[in-house]
1. If you count only protein heavy atoms with a 1.4 Å probe, what accessible area per residue comes out for region 78-127, rounded to a whole Å²?
2. Tell me the label-point distance for the pair F16, S33, using the 7 Å Cα-to-Cβ offset, in nm and rounded to one decimal.
3. Amide H to amide H under 5 Å from N116: which residues, 5+ apart in sequence or cross-chain, H placed 1.01 Å off N in plane?
4. Tell me, what % of the accessible area of the chain is carbon and sulfur with a 1.4 angstrom probe?
5. Pick out, from L84, T96, I70, the residue whose Cα sits farthest towards the positive end of the charge dipole of region 55-138, with +1 on the Cβ of Lys and Arg and -1 on the Cβ of Asp and Glu.
6. Can you tell me, using C-alpha contacts under 8 Å and at least 6 residues apart, the relative contact order of the chain as a whole percent?
7. Among [x] 62, 37, 24; [y] 57, 57, 30; [z] 81, 45, 29, find the value of Cα extents along the principal axes in Å that was calculated from the structure presented, and write down its label.
8. Quick one: length gained pulling L54 to I91 fully straight, 0.36 nm per residue minus the C-alpha distance?
Amino acid sequence: MADTTRTVFQTCSAKFGSDELDSLLSCISDEHSESLVDLAHGLDSFYLIFAGALVFFMQTGFAMLCAGSIRSKNVKNVLLWNLLDSCGGGIAFWITGYAFAYGGDEATSNKTFVGNTNFFMMGEIDHAFWFFQFAFACALSSIVAGTIAERTQMKGYLFYSFFLVGFAYPVVAHAFWSTHGFLSNVNDEPLWGSGAID
């Protein structure tokens, strides 16, 4: 049974002798750089998921703000709205939101109004990035919930939430933060020479 717990040094010294010091050091460097790329990708994914969870947790703050701004008889209704806001927003962002905001960033080199691929999360998608962007889109839609509390019906609010997360926010996100948005600062010819400045 072969020993699979060999170190990088042992693996590289088996390939190159001590007289081939340059090749040995190059092998060790290459092996470590491959493991560092995996580590960096894992840390990036963890950070996106953690930050997305923090942003998503803002929903509870907006729900409490809404609940404190209305009459006590409507508190349960508004809390249900905030919950359904995330559910309906999640469906809208899954169907069209992500595709309009970031779909086709690698596929074309032209400026576009909205993205044109990755509908229903099809294709190559970084799921941690998707969750991070979904959390922002849903937080955006629940910000407005307090302004229309006690003023709309449930169906109207869910339609608004679906529209905001599935179309309005993604169009703006694509314009500013996508690599092919017409206001992006990473374009070949950004708006007014600098593009959007955050």
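The values are calculated or read from the model by the stated rules, or taken from the named source; none is laboratory data. Here the structure is a predicted model, which is why all the values come from computation and not from measurement. Cβ placement follows ideal geometry from the backbone for every residue including glycine, while neighbour counts extend to all protein chains displayed. All accessible areas refer to the heavy atoms of the entire protein, side chains included, with ligands and DNA or RNA removed. Shrake-Rupley method; radii C 1.70, N 1.55, O 1.52, S 1.80 Å.
1. Details: 2540 Å² over 50 residues.
Value returned for region 78-127: 51 Å² of accessible area per residue.
2. With each label placed 7 Å out from Cα toward Cβ, I get 1.2 nm.
3. Long-range HN contacts for N116: G103, G104.
4. Summing carbon and sulfur atoms, their accessible area is 66 percent of the total for the chain.
5. I70
6. On the way: 226 pairs, mean separation 45.5, N = 198.
Result for the chain is 23 percent.
7. It is the one labelled [z].
8. Values: separation 37, 0.36 × 37 = 13.32 nm, distance 2.01 nm.
Additional length available on full extension: 11.3 nm.
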